[in-house]
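In what follows, a structure is listed as C-alpha cells, so that the remarks can point back to it.
None of the figures in this text is laboratory data; all of them are computed from the coordinates on show. Here the structure is a predicted model, which means the values were calculated and not measured. Ideal geometry is used to build each Cβ from the backbone, glycine not excepted, and the neighbour counts take in all protein chains shown.
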Amino acid sequence: MGHDGGQGHWIEKERCGGMNGADKSVSRTQDVWMKNEVVIGLVMVAVLTVIMLTLGLPLVLTILIDAAVFTIVTLSLNLEVGHTGISQFGRVLAVIAGAFVVGAVPGRVLAFLNGLPYGVSYADDAVNYKVVPAISDLLASSLPLSVGFLLFSFVLAAVAGAVVGWLTSRPAIRLKEAYLGISLLAFGDFFMWVGHNWEPLVGGTTAVFVPDPFRVVWGSRFQVIVIVAVIMAFLVYLYLEKLTRSPFGRTLHMVRDCDVAAAVCGKDIVSIRTQSLMIGSALAAVGGALYVIYAGTCTAIGFTRLTWTFWPWAYMMLGGIGSNRGVVLGVLMLTVARTLIITYRSTLFGFLLAWGIDPMWLEYTLMGLVIMLVVLFMPHGLVPAKVESILPAGRVRKAAQEQGFGATVG
Amino acid sequence: MMPAWLASGLAYASGLSLTAGGITLLYITTRTFNFAHASMATWGFYVVYTGTVLYGGTPYRWLPLSFLLGALLGVICYLVLNRHLLARKANTITLMMSTLGYDLVLLAFIQMYCDYLTYSLKLFPRRVTMSVYDIELFGTSGASIILPLTAVAVLSLLHLFITRTKFGTAMRATIENSLLAGASGINSDWVYLASWVIGGGMAALGGAFMAMAMTGTPVLGMTTIPFMFAGAILGGLHSLYGGILGGFVVGLAEYAGVYFLAAEVGSWVLGYRMAIPLLIMAVTLMVFPQGLAGAWATMVGKVTGLRKRGVEA
Amino acid sequence: MSIRNLSAGYGRLQVLFDVSLEVPAKGITVVVGPNGAGKTTLLNSIMGNATVFSGDVVFEGVKIQGILPYKAARMGISYVPQMGNVFSDLTVMENLHMAGYMLSSGEVKDKAAQVIGMFPVLKNFMHRKAGTLSGGERRMLAIGMGLMRKPKLMLLDELSTDLAPIIAKRVITEVARLRDELGITILLVEQMAKRALEIGDTAYLLVSGDIRFEGKATELLRDPELSKLYLGIKEA
C-alpha cells in the first residue's frame, strides 16, 4: 500500500514481537481448545450414528470416504499453511499430480507387461474402455498383485507430489503471501487445462479409467475401500502430528512466525519451506491418487480449484488453521453438512424447485458463508491451534510465578 | 475489415483492463485482493444478458445498470466484510479469503439465477454468445469499437474524478499515506467505500465487456480471475493506471498470441491459452516485480533527474 | 492537554509504561530523549495510531485515547509526523488543500496564503510534486500543512532531524513564532534537544518508555548529568 511514513511497519512486526508481555489469551485458548474438540468430536459421532440409522450405512460410508480423502488433502494443506505459513492456493496442483500420474502410469505398466496397448493409444477412449477392465480383471485374480498395484500407485503419486512440491518451492523463495497464492493458483488452473486438452495424458475431455485393485474383494469392495481410506487418513494424521511436534515442526513454526529470527538462528529458510512443500504436496498427491482409484476414472476437468483448493481451505479455516485435530473435525463437519444438503435438498429446499432452482447450489452458499463467518467471528477456527512458546511450558510457568504473574501465563 | 481475432481481442482486452484496474484500485486502497471480482464480473454480464434477452435492443444500453449492480455488490462486500476486517488490521491473506467466501455465495446465486432463467423463462443462460446481439459498425463488430471507447470514457471520468475533485484527491492522499490523510481530517471509511463502489462497478462492466468476446457462462469470472490478477500484477499493483494498462496488455496478448501461435503450429494451442497470461505474470514477478508502472516511474525518474527524496539540498 | 498513566504500544508490543504529562495551553512542551524512547509512540497514542493499553489522554476535558485519527484532527489536534509528513505524489498546492480538508474553500484559500506568507519559498513549487522538494522545504510544507488545520494543539515530531543546521534553526524559530503570534499549544518531540529546550517552556525526558525528568525546559538544559547522559549536550 502507500507509504505509511515508517509507522506502518510496526503493525507487520507485531507477529514477531508477539511473545512480549503476558499473553493472557494463551491459557484461555487452551481451555477452549480442550473443550471444543471433545464436544465437537462427540457430536459428530452422534450425528453419524443418527445418519446411519435413518439413512442407511451406505451414506455414512460415502461420507467417510469423502472425508478421508479430503482429510489427507486438507492436512497436507494445513502443514504448508498452518504450520509453515506458506500461502498455498494451488493445492489442486499436487492433487492433480497424484491423480494424473495414477491415471496415466500404473495402468500402462500393467498393459505393457501383458501385451496390451500402453502408449499414446492407451488414453484413447476407444481403446481405454477395453484395456482397463482387462487390467482390472487381471488384478482381481491376484491379491498380491492388487496390493502391489495399490502400493505402487501411492508411491508413484507421492514421488510426483514431491516433485511438484519442489517445483512449487522455487517461486516460494521470492514471492510472498498473496503474490505467491495467486501464482500457485494460476499454475494449478493451468495444469488442469493441460490435462483437459492433452489427450495422451489422461484422456483429455473423455477421461481415462483407472484399474481397480479393490475388485479382488468384489463382494465388499466399497466397504474395504472405505476402511483402507480411513486407515490411510488416520496414518497421515498420526504422521503429521508426530512431525509437527518434533524439532522439525518447531522449526517450521519458527519460520512461520518470524523468518527473520529463524534465519538469525542459522535455519535455512528456503530449505525448510521446500521440505514442507515437498511433504505436503506428496501427501496431497496420495490423496488425489486415492480419489481416482476409488472413483475408477480420472477426469481432468473435475480437478477444479473450487473443489481441491478452496474447499480444503474452508475445511481448514473452520477447523482451525495450524491445528491438525481441528482440520479433521472441520473436514468431517462440513462433509456431513454438504452431504446432508445434497441428500435432503428436495425436502428442505424443495420450494426452490418451484422456480426451477436446483438446491444443490446451496452447497456453494454453505461453503461461502462458512468462510465469511469464520473470517469475521472465529478467525482461529473451532479448535484453535495452541500458541506455542519457545520454552517448554513448565519452565515458562515457573518463570512467570517467580515474577508474580500467577496462573495467567503458560 | 478488422481481423476477427483483433475485434474480439479489443473487446476482451477492454474488459480485462477494467477488471484489472478495479482489482488494483481495491488493493491500493484496502490491501484486499478481491476474489469476488470474479462473480461481480459474471453478474455484470448477466445483467446485460437479461436485459438484452428480455427487452431487446443492443446490449450496450444495459451497461450503466451493470455498473450499478457491480457497485452495489461492492458496497455490500465492504459493509458486511471488509470494513470489519480493516478495522481489525487483518492481513492480506485474511482479506483475500473473506472475498473468496463472498465470491462463492455470489456464484451460488448466479447458478440459481441461471436455473431460474432456464426453467421458468425457457432461456439458455449457461452458454451465451453475446456477439449475436451485437450491431455492426464500419464492417466490424460493434463491440470492437464501442467497448474500447467506453472503457476509455470510463477511465477518463475516473481520472478526472481522482485528480480534479476534492474527494478524489483525498482518495489519492489516503492511498499514499493513510495516517497522514487521517491526521488531515479525511475519513478513510468513505475512501474505502468509494473504492468498493468504483471497483465493483468496474468489475461488472469488465465482465459484461468480456462476455461480448467469449462465451458467457456462470463461471466466466471464475475462469478469468487469474487473468485479471495477471493484468493487475503486470501493472504493478501500486498504480491504478498500471493496472488498467496491464489488463489491456494481457488481454490483447492472449488473443494475439493464440491467433499467431495457432497459425504457426495448429489450433490445438487454443486449449492452452491460459499459458499466455501465466507466462506474463511469471515473467513480471521474477524479472520486474514493480510492474509496468514501476518501470515507467524509474524511467521517468532517470530521464528528468529529479532530486532523490530524503536527501538534503 | 493531560496525559495520565498512559501505557501504550503497537499490537502486543508495549512501548510506554505508565507515562504522565501535562501540556499547558499556549505553551511549548518539549519531550526529549534518546532513540526508541517512545516519543513518536506518545504522539501516535494521542492521534489514535497506536494501541492504548491503559491510561487516559484528556484534551479540552474530553478523553480522546483510542479515537480515530480523523476525529482527533477534527477536534483541532494537528499532527506533523517525522516521516511521511507530506503527500509525495501530490503537488504542493494539493497538499495544502488536503491539509485544509475540513475547511471551506474560501478558508482554504486564506490559510494557504497565510502559510505561503510564512514560508515564501513554497510559492515557487506550488505545482510540483511534494516528493521533489528538498528535506528542509518538505519540513516547511509539513508545518504549513499542520497550520492549515487551524490547530489548537500541534504535535510536532522531530522537526529538525535530517536538516542542515541553518534550516533547523529557522524551523525551530518558526515554531516559537507559532506560540508567540498565534497562541498555539505545542507538543514538540525532539532528539536534538538543545535547540528545542531553548524555546520550550516545560520539558519532559522520556527514556525507554518512562519519564525520567519533568520540569522547566531551562532546568533540564542546565542539568549537567541528565543532559550529558541522555542528550549528548556538553557543558551548556
Rounded to a whole number, the Stokes-Einstein D of the stretch C:74-156 in µm²/s (Kirkwood radius over Cα pairs; 10 °C; 1.306 mPa s) is 128 µm²/s
Over all directions, chain C yields a Cα convex hull whose mean projected area in nm² is 12.1 nm²
If I model the protein assembly as shown as equal point scatterers sitting on the Cα atoms and use the Debye formula, what is log10 I(q)/I(0) at q = 0.06 Å⁻¹?
-0.51
Over the protein assembly as shown: helical MRE at 222 nm, DSSP H runs n ≥ 4 each giving -39500 (n - 2.57), nearest 500:
-21000 deg cm²/dmol
Where Lys and Arg each count +1 and Asp and Glu each count -1, what net charge lies around A:Y291 among other residues with Cβ under 15 Å from its Cβ?
-1
Cα centroid of the stretch A:130-160 to Cα centroid of the stretch A:311-372, whole Å
34 Å
Cβ-derived FRET efficiency at R0 45 Å, B:F167 paired with A:V159, nearest 0.05
0.20
Please compute the alpha carbon radius of gyration of the stretch B:1-78, then divide it by the globular-protein estimate 2.2 N^0.38 Å. Two decimals is fine.
1.24
Rg and Dmax of the stretch A:74-147 over Cα atoms: what are they, in angstrom?
17.1, 48
Chain B: mean projected area of Cα convex hull, nm²
18.7 nm²
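Work out the mean other chain Cβ neighbour count within 10 Å for the residues of B:144-154 and drop it here as an integer.
For this peptide, the per-residue mean of nearby foreign Cβ atoms is 0.
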How much net charge surrounds A:V127 when only the other residues with a Cβ under 13 Å from the Cβ of A:V127 are counted, with Lys and Arg +1 and Asp and Glu -1?
-1
Based on the Cα atoms of the stretch A:56-215, what semi-axes does the equivalent ellipsoid have, where each is the square root of 5 times one gyration tensor eigenvalue, given in whole Å with the largest first?
31, 20, 14
Along the Cα-to-Cβ line of A:T307, 7 Å from the Cα, sits a label point; which residues in the stretch A:358-374 have backbone N less than 15 Å from it?
A:361, A:363-364
Gap in Å between the Cα centre of the stretch C:156-196 and the Cα centre of the stretch A:261-293?
55 Å
Answer rounded, prolate or oblate for the stretch B:219-258, using the Cα gyration tensor with square roots of eigenvalues a ≥ b ≥ c: rounded when a/c is under 1.5, else prolate when a/b is larger than b/c, else oblate.
oblate
Running Debye on the stretch C:1-102 with equal point scatterers at the Cα sites and no solvent, what base-10 log of I(q)/I(0) appears at q = 0.22, 0.25 Å⁻¹?
-1.24, -1.43
Could you give the nm distance between label points at A:A261 and B:T298, where each point is 7 Å from its Cα heading toward the beta carbon?
3.4 nm
Taking 8 Å as the Cα distance limit and 6 or more residues as the minimum spacing, I'd like the relative contact order of chain A as a percentage.
29 percent
Along principal axes, largest first, the alpha-carbon spread of chain A in whole Å comes out as 76, 49, 45
Could you give the alpha-carbon Rg of the stretch A:33-115 over 2.2 N^0.38 Å, rounded to two decimals?
1.58
Trypsin sites (Lys or Arg not before Pro) within the stretch B:78-177, DSSP loop, no more than 15 other Cβ atoms inside 10 Å
B:R88, B:K89, B:K122, B:R126, B:R127
How long, wide and thick is the stretch C:40-84, going by the Cα atoms along their three principal axes, in whole angstroms, largest first?
29, 23, 13
Cα-based shape type of the stretch A:199-272, given that a ≥ b ≥ c are square roots of the gyration tensor eigenvalues and the cut on a/c is 1.5:
oblate
Modelling each spin label as a point 7 Å along the Cα-to-Cβ direction, I'd like the C:I166/C:M75 distance in nm, to one decimal.
4.2 nm
Sort B:W268, B:W43, A:W311 so the one with the fewest other Cβ atoms within 10 Å of its own Cβ comes first.
B:W268, A:W311, B:W43
May I ask you to sort C:R195, C:R4 by Cβ crowding, counting other Cβ atoms within 10 Å and putting the fewest first?
C:R4, C:R195
Just need the Rg to Rh number for the stretch B:85-165, please, alpha carbons only, Kirkwood Rh.
1.15
My understanding is that a pair violates if its Cα-Cα distance is over 23 Å; which of A:K242/A:K267; C:K129/C:K152; A:K176/A:K267; B:K89/C:K152 do that in this structure?
C:K129/C:K152; B:K89/C:K152
So which of C:K26/C:K150; C:K63/C:K109; B:K166/C:K63; C:K71/C:K169; C:K63/C:K194; C:K71/C:K109 end up more than 21 Å apart, counting from Cα to Cα?
C:K63/C:K109; B:K166/C:K63; C:K71/C:K169; C:K63/C:K194; C:K71/C:K109
Here the stretch A:163-293 gives, from Cα atoms, an Rg and Dmax in Å of 18.8, 59
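If packing is taken as the average count of other Cβ atoms within 10 Å, what order do A:138-148, A:342-352, A:285-295, B:276-286 fall into, highest mean first?
Working: A:138-148: 15.0, A:342-352: 13.4, A:285-295: 27.4, B:276-286: 19.2.
Peptide ranking by packing, descending: A:285-295, B:276-286, A:138-148, A:342-352.
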Send over the Kirkwood Rh of the stretch B:173-313, from the inverse of the averaged 1/r over different Cα pairs, rounded to one decimal Å.
17.6 Å
With labels modelled as points extended 7 Å from the Cα through the Cβ direction, what inter-label distance (nm, one decimal) is found for A:M360 paired with C:V121?
7.3 nm
Counting other beta carbons within 10 Å of each residue's own, what order do C:E198, A:E199, A:E80 fall into, fewest first?
C:E198, A:E199, A:E80
Calculate log10 I(q)/I(0) of the stretch C:104-236 for q = 0.09, 0.10, 0.15, 0.22 Å⁻¹, where I(q) comes from the Debye formula with a single equal point scatterer on each Cα and nothing for solvent.
-0.31, -0.38, -0.78, -1.36
If I take all pairs of Cα atoms in the stretch B:126-219, what percentage of them are more than 20 Å from each other?
52 percent
Hey, any idea what the orientation-averaged projected area of the convex hull of the stretch B:45-202's Cα atoms comes to, in nm²?
11.5 nm²
